[in-house]
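S.K.: I have a structure here, written as structure tokens, and I will follow up with some questions on it.
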Amino acid sequence: MGLLFSPIAIGTLELKNRLVMPAMHLHFCPDGFVNDRLIRFYVERAKGEVGLIIVGGCGVDEFSYSGMIKINDDCYLPGLTRLATEVKRHGARIVAQLFQAGRYASSRDTGRQPVAPSPIPSKLTRETPRELTLTEIEDIIDRFAQAARRAQAAGFDGVEVIASAGYLICQFLSPVTNKRTDEFGGDLTGRMKFGLEVARRIKLATGPDYPLIYRVSGHEFMPGGNTNQEIRVFCQELEKVGVNAINVTGGWHETTVPQITMNLPRGGFVYLAQGIKEAVGIPVVACNRINDPVLAEQILIDGQADLIGIARGLIADPELPRKARQGRLREIRKCIGCNQGCLDAIFAQQSVHCLVNAQAGKEEERTLKAANQGKRVLVIGGGPAGMEAARVAALRGHQVTLWEQANVLGGQLVLAAVPPGRAEFTSLVDFLVGQLERLGVEVVLGQSADPKKVVSFRPDVVVVATGAKPLVPEWLSGNHEHVVTAWEVLSGQVPVGRRVVVIGGGAVGCETALYLAQKGTIDPAAFHFLAMNRAESWETLMLLATRGNKQVTVIEMGKALGLDIGSSTRWTVLQDLHRYHVRVLTNTRAEALTPGGVKIRRGDVVEELAADTVVLAVGAQAENALFARLQTLVPEVYLIGDAVKPRKALEAIHEGFLIGQQI
Ligand code: SF4
């Protein structure tokens, strides 16, 4: 980790290492003022030894989002000053990101029609903005400059301007959204003018030595939009006007290329930062799905970037930098790219939290103290809820034993990691297993539990985390050779025929369908080999990569698929189902098995779907009989996770944490 922990300068700003926490909307500030919750969140990351924290976005005018930090008036200065002071006191440097959403602003938040270079409707908000006048453009440039002056006055070490993700500066820069015919439109020179003018005016307002970073989309990934080539030119011009570093992310919010979902390979957009680095002489930050310090170090060694941006990875584990520096790599709780607690929460107008880290965003209330009295704790069930409860209880000094009836730990996380692009779930299992080992939890695999065994163990506390089992509809009960559950398919226990009908279009059904639809397609290595050797045409390659050897149909009673998948990920799953030629039947009910498949009903129409295998993905039911039987037999007994009610891993981890904290 020699390079990652070597110092670097961004203009006059000296950093102790190359790790940057990029700005991320947290939705912590309902009135725009900095508060204790926000400060505590960032102080934890500063204590964890990240070199630079970029906070924000900080709205330079009213066109930002609810819950964001505001910097458009001097009344926000005291809070901003407190934030900067506290973060610096704990050893990190801090920069404020200046934000203006343009046509990505929503009238729901602002009460006003959004503004933009041209009145091009936004697919993100479904609104059409109003074209800015020249006077208004001048006013916004001035607001950026005034916001930078405020950040400087509050003690921030610099400012970053957001010119990425499709926000206002991108909108000026892109031919997709800038149709102006005046000095701020036309060719690339005209379209760059707004972004460059913002940089110039910030430098004028703050003095030339005050560090200024630009966050850019390394490629818009928008049809007809700017590619890395045009962004390189923009960055070269930014360097000329005195910008001190470029922070490179991926494309716009409207793009159909997934940007930070789990199926984006780790470091998948580093090539964009590399493209910018080849064009400029100032430091370049690489971002997006870099959740592993070993990968971060390799990017630096390979000269692809000068700094590494890790945002969600520091939500998941504020101590990532310190653990990496000390070589405690297995102790790092990696971000798994699920977006369930962070991005999906933001889209739902909620505060950021985290699937893998129950303390994130709740640093004040979810502290861990040593237990007053060490207890003998028995956790029954080694899924996410049970493992987290065991981890936290052991961390607090209890003597913890965990029984798991399977021969591996992980529970449903093991199955969740099987579908294509979901392998990151494995890293959560690895983390929890490593922590149980480190904390001396006695893990007994292949151990079923009954009241007699539990009582003879003589526990002070029992935590029942026995999970759930797949639901089987009544009309299907009994043994049917060609009917299997999604869990059996994902665990590789059963053969699956060529014609498959998946009953149930929730997350499990969709992902099982994708898993089966990819059977018989070429893998990424074969794709790369064939492409490099031009062995097949592009069209044939795409077909080989997307058409497997099974015909998969998903039937769903409701009107849409994947409604239990977070909004940041759902569209990518639906897109993949289409790409992998999965047939989708909504408003369709399975009514009976037939010798050759399934009888289905769509409204008044009844038909038979031919199937060699029918896969059930109609939900799960809690397994908690043991809990009731233990009530009078042990002094303290708790029920957590899916054993209460089947839900997601996020709820399981959080409940496990809270019980571990309470015992
Ligand atoms: Fe990462 Fe998921 Fe946590 Fe977000 S909720 S920080 S994506 S692990």
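The values are calculated or read from the model by the stated rules, or taken from the named source; none is laboratory data. Since the structure is predicted, the reported quantities are computational estimates derived from the model, not experimental observations. Here the Cβ is made from the backbone with ideal geometry for all residues, glycine too, and neighbour counts use every protein chain on show. Each accessible area value is taken on the protein alone, full model and side chains, heavy atoms only, with ligands, DNA and RNA left out. Shrake-Rupley method; radii C 1.70, N 1.55, O 1.52, S 1.80 Å.
S.K.: Look through segment 87-102, keep the residues that are touching a strand residue (DSSP E or B) at 6+ places or on another chain (Cβ under 9 Å) and over 30 Å from Phe194 (Cα atoms), and return whichever of them is surrounded by the fewest Cβ atoms within 10 Å (Cβ to Cβ).
M.R.: By that ranking, first place goes to Lys88.
S.K.: Still on this structure, I have one more. Here are some conditions: (1) more than 25 Å from Leu19 (Cα to Cα); (2) touching a residue at least 24 places away in the same chain (Cβ under 8 Å). Ser107 meets all but one. Which one does it not meet?
M.R.: Result: Ser107 fails condition (2) only.
S.K.: Exactly one of these conditions fails for Asp564: (1) outside any helix (DSSP H, G or I); (2) charged (D, E, K, R); (3) in contact (Cβ under 8 Å) with a residue 40 or more places away in the chain; (4) more than 20 Å from Val489 (Cβ to Cβ). Give me its number.
M.R.: Result: Asp564 passes all but (4).
S.K.: As an exercise: evaluate Ser567 against (1) farther than 20 Å from Ala416 by Cα; (2) exposed (fewer than 14 other Cβ atoms within 10 Å of the Cβ); (3) hydroxyl-bearing (Ser, Thr, Tyr) and give the number of the one condition it does not meet.
M.R.: (1)
S.K.: Within segment 233-244, can one find any residue that is within 16 Å of the ligand (Cβ to nearest atom), surrounded by 22 or more Cβ atoms within 10 Å (Cβ to Cβ) and not small (Gly, Ala, Ser)? Please lay out each step first, then the result.
M.R.: Our first condition is that a residue be within 16 Å of the ligand (Cβ to nearest atom); within segment 233-244, this holds for none.
No: segment 233-244 contains no residue that is within 16 Å of the ligand (Cβ to nearest atom), surrounded by 22 or more Cβ atoms within 10 Å (Cβ to Cβ) and not small (Gly, Ala, Ser).
S.K.: Additional query: Would you confirm whether any residue within segment 311-318 is buried (at least 24 other Cβ atoms within 10 Å of the Cβ), within 23 Å of Thr261 (Cα to Cα), away from the ligand (no atom under 14 Å from the Cβ) and of a type outside the set (Ser, Thr, Tyr)?
M.R.: Looking for residues that are buried (at least 24 other Cβ atoms within 10 Å of the Cβ), within 23 Å of Thr261 (Cα to Cα), away from the ligand (no atom under 14 Å from the Cβ) and of a type outside the set (Ser, Thr, Tyr), one finds none in segment 311-318, hence no.
S.K.: I'd like the residue in segment 343-361 that is open to solvent by 30 Å² or more (accessible area, probe 1.4 Å) and assigned to a helix (DSSP H, G or I) and, out of all such residues, is farthest from the ligand (Cβ to nearest atom).
M.R.: Phe347
S.K.: Filter segment 565-606 down to the residues that are among the charged types (D, E, K, R), modelled with pLDDT under 95 and under 30 Å from Ile346 (Cβ atoms) and list them by number.
M.R.: Result: no residue meets the conditions.
S.K.: Condition check: touching a residue at least 12 places away in the same chain (Cβ under 8 Å) and in contact with an Asp or Glu (Cβ under 9 Å, 6 or more places away or on another chain). Does Ile94 satisfy that? I'd like the intermediate steps shown before the answer.
M.R.: Working: touching a residue at least 12 places away in the same chain (Cβ under 8 Å): yes; in contact with an Asp or Glu (Cβ under 9 Å, 6 or more places away or on another chain): yes.
Against the criterion (touching a residue at least 12 places away in the same chain (Cβ under 8 Å) and in contact with an Asp or Glu (Cβ under 9 Å, 6 or more places away or on another chain)), Ile94 qualifies.
S.K.: Something else: When you look at Val408, is it touching a residue at least 12 places away in the same chain (Cβ under 8 Å), open to solvent by 40 Å² or more (accessible area, probe 1.4 Å) and farther than 30 Å from Ala545 by Cα, yes or no?
M.R.: Working: touching a residue at least 12 places away in the same chain (Cβ under 8 Å): yes; open to solvent by 40 Å² or more (accessible area, probe 1.4 Å): yes; farther than 30 Å from Ala545 by Cα: yes.
Criteria met by Val408.
S.K.: Select, from Ala371, Ala449, Ala423, the only residue that is assigned to a loop (DSSP other than H, G, I, E, B) and open to solvent by 60 Å² or more (accessible area, probe 1.4 Å). Reasoning before the result, please.
M.R.: Working: Ala371 fails: open to solvent by 60 Å² or more (accessible area, probe 1.4 Å); Ala449 fails: open to solvent by 60 Å² or more (accessible area, probe 1.4 Å).
Answer to the check: Ala423.
S.K.: Within the bounds of segment 197-211, is there any residue that is touching a Leu at 6+ places or on another chain (Cβ under 9 Å) and open to solvent by 30 Å² or more (accessible area, probe 1.4 Å)?
M.R.: No, that holds for no residue.
S.K.: Follow-up question, since we're still on this one. Would a scan of segment 647-654 turn up a residue that is more than 16 Å from the ligand (Cβ to nearest atom) and either open to solvent by 30 Å² or more (accessible area, probe 1.4 Å) or without any contact (Cβ under 8 Å) to a residue 60 or more places away in the chain (or both)? First the steps, then the outcome.
M.R.: Just the residues of segment 647-654 that are more than 16 Å from the ligand (Cβ to nearest atom), to begin with: none.
No.
S.K.: Restricted to segment 513-529, and to residues that are out of contact with any Gly (no Cβ under 9 Å at 6 or more places or on another chain) and buried (at least 17 other Cβ atoms within 10 Å of the Cβ), which residue is farthest from Leu471 (Cα to Cα)? It would help to see each step written out before you state the result.
M.R.: Step one: filter segment 513-529 for residues out of contact with any Gly (no Cβ under 9 Å at 6 or more places or on another chain), giving 515, 522-529.
From the residues that got through so far, the ones that are buried (at least 17 other Cβ atoms within 10 Å of the Cβ) too are 515, 522.
Values: Tyr515: 20, Ile522: 33 Å.
Per the stated criteria, the residue is Ile522.
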